Amino acid sequence: MSKRKSAKYKLDRRMGENIWGRPNSPVNKRSYGPGQHGQRRKSKMSDFGLQLRAKQKLKGYYGDVTEKQFRRTYKEATAIKGDTGQNLIGLLERRLDMIVYRAKFAPTIFAARQIVSHGHIRVNGVKCNIASRRCDVGDVISLGDKAKEMALVIEAQSLPERDVPDYVATDGNDKVTFTRVPKLDEVPYPVTMEPNLVVEFYSR
């Protein structure tokens with residue numbers, strides 16, 4: 001598993017948006033970018049800049065996925081019939097760490113990745129510590145015995161700012177089933193995501 005090297009909330013401020021919808025995001029108080037030049041007046045962004053920004057925002061939302069991994073996911077999306085942008089979102093939503101996050105087993109996507117990598121998650125009853133594992137429709141994701149008592153998990157389940165989407169069916173507080181691959185308009189993003197611009201970026 002790759003390690004995130006920068007402060008996650010710097011991405012919020014760089015984008016000027018609270019991309020994870022967290023109440024303690026610094027962008028809620030400081031909407032300008034980080035660093036000594038963050039308050040400079042912003043010039044009009046080029047088409048390339050808009051595409052790059054859309055890609056960085058989508059990558060960041062899914063836990064700051066590495067460029068290599070994200071590009072590979074994009075190539076897989078282009079190989080599937082249908083709209084590439086929709087396919088890309090579908091593949092990203094099938095990641096194990098994202099389903100753990102959607103199930104409210106963790107307060108953030110970064111915490112979800114950590115819970116998975118520490119071996120606290122079961123897929124169809126079998127321990128899995130690979131956060132990028134792609135789940136299939138019908139897979140059952142559950143918490144290990146130790147995880148059920150973790151303060152982090154209990155905190156996540158009580159968070160008021162997000163709900164479990166209907167494509168992740170709950171079974172009590174410690175088990176969910178991934179029922180279907182969602183479309184873009186079904187994914188509960190707190191900000192607007194533009195996968196069409198990501199497709200344009202990579203198809204230049």
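Details
- Distance between modelled label sites at Thr78 and Val191, nm, 7 Å Cα→Cβ extension: 2.7 nm
- Average silhouette area of the stretch 96-178, convex hull of alpha-carbon atoms, in square nanometres: 4.6 nm²
- 23 Å Cα-Cα threshold exceeded, pairs from Lys104/Lys127; Lys68/Lys127; Lys55/Lys104; Lys57/Lys146; Lys146/Lys175; Lys44/Lys68: Lys68/Lys127; Lys55/Lys104; Lys57/Lys146; Lys44/Lys68
- Rolling a 1.4 angstrom probe over the stretch 96-178 with all protein chains present gives an accessible area of which 46% lies on carbon and sulfur atoms.
- Using the Cβ-Cβ distance between Arg180 and Lys44 with R0 = 41 Å, the FRET efficiency computed as 1/(1 + (r/R0)^6) comes to roughly 0.55.
- Cα-Cα P(r), the stretch 39-117, percent of pairs per 5 Å interval: 3, 14, 20, 21, 17, 11, 8, 5, 1
- Computed over the stretch 52-204, the Cα gyration tensor eigenvalues convert (square root of 5λ each) into semi-axes of 27, 15, 14 Å, ordered from largest to smallest.
The values are calculated or read from the model by the stated rules, or taken from the named source; none is laboratory data. Please read these numbers as outputs of a predicted model, since none were measured by experiment. With ideal geometry, Cβ positions are generated from the backbone for all residues, glycine too; neighbour counts draw on all protein chains shown. Surface areas here come from the heavy atoms of the whole protein model, side chains and all, with no ligands, DNA or RNA. Shrake-Rupley method; radii C 1.70, N 1.55, O 1.52, S 1.80 Å.
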